[in-house]
Amino acid sequence: MPEPIATEKADANITRKEILSYSLMVLLENLNAKQRAVFILKEAFDYDHKEIASVLGITEENSRKIFSRAKEELKEPKLTDSASISNDYLEKYIEVIYKADTRQLENLLQKDIVLISDGGGKVSAALNPVSGRAQVVKFILGINKKFYSKNEIVIKKSNINHQPALLYYHDNTLVNCQVFNFENGHISRIYFIRNPDKLQSL
């Protein structure tokens with residue numbers, strides 16, 4: 001997965017558009033390099049196709065076609081604005097996990113939720129996406145019991161790429177960043193970023 005960007009205290013000059021949502025950044029990894037370049041220059045920085053063509057050494061028409069194909073391939077979930085997600089929701093998420101309350105946790109999740117984990121080959125992580133409410137609940141409660149039930153774990157709420165997130169610390173070291181997507185008032189995607197190289201930037 002891509003490197004996360006902390007936006008909780010981002011410079012006021014950095015707009016929401018210039019820092020893409022984490023979910024969209026993950027989807028961009030499915031595009032080739034030229035498609036990503038065209039999409040980001042157009043969507044995030046508002047270049048016109050003439051400027052993009054000049055930067056990338058392609059024709060203006062080619063830039064338009066690449067952008068159109070890239071948009072077709074990207075199916076970004078419709079996210080609830082993170083500003084509307086209260087701290088109480090994440091507090092409840094933490095609470096039900098530590099209580100190992102399966103039913104309450106299920107109530108917080110979308111039926112078709114997907115959890116994606118990235119350990120970078122350096123720390124343990126799920127090799128494949130975990131899909132479906134029952135499997136995600138089982139996964140979350142299992143890893144919490146194994147790794148995060150100790151008293152020395154400190155959890156802080158944050159904002160990553162303009163999306164709600166939880167930061168897990170052990171001995172003052174960040175060991176897990178969880179980024180959340182919300183749809184219709186429920187968690188629809190969870191990204192576990194455990195790769196130490198990507199956590200350094202946070």
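Each value in this text was obtained by applying a stated rule to the coordinates, not by laboratory testing. Bear in mind that the values here come from a model prediction, so they are computed numbers and not experimental data. Note: ideal-geometry Cβ built from the backbone for every residue, glycine included; neighbour counts use all protein chains shown.
Note on region 110-165: Cα-only Rg and Dmax are 12.8, 33 Å. Applied to region 58-70, the Karplus parametrisation 6.51 cos²θ - 1.76 cosθ + 1.60 on θ = phi - 60° returns per-residue 3J(HN,Hα) values of 10, 7, 4, 5, 5, 4, 4, 5, 4, 5, 4, 5, 4 Hz, with x for Gly and Pro.
Output the relative contact order of region 32-73, whole-number percent, from Cα pairs under 8 angstrom with separation of 6+ residues. Present the calculation step by step, with values, prior to reporting the outcome.
Details: 29 pairs, mean separation 17.7, N = 42.
Rounded, it is 42 percent for region 32-73.
Which longest uninterrupted range of the chain lacks any GluC sites (Glu not before Pro) assigned by DSSP to a loop state (not H, G, I, E or B) and surrounded by at most 16 other Cβ atoms within 10 Å?
Numbers: sites that count: 8, 18, 29, 152.
That gives 30-151 as the longest site-free run.
Legend: ranking of residues 137, 55, 26 from fewest to most surrounding C-beta atoms inside 10 Å; resulting order 55, 26, 137.
Would you work out the relative contact order for the chain, in percent, from Cα pairs under 8 angstrom that are 6 or more residues apart?
On the way: 299 pairs, mean separation 52.6, N = 202.
In percent, rounded to a whole number, it is 26.
Scaling the Cα radius of gyration of the chain by the globular reference 2.2 N^0.38 Å produces a ratio of 1.11.
Cα centroid separation, region 93-123 to region 132-202: 8 Å. Loop sites here are trypsin sites (Lys or Arg not before Pro) outside DSSP states H, G, I, E and B with no more than 16 other Cβ atoms within 10 Å. The longest part of the chain free of them is 18-74.
Over region 148-202, all Cα pairs binned in 5 Å intervals from 0 give whole-percent P(r) values of 4, 19, 28, 25, 14, 8, 2, 0, listed from short to long.
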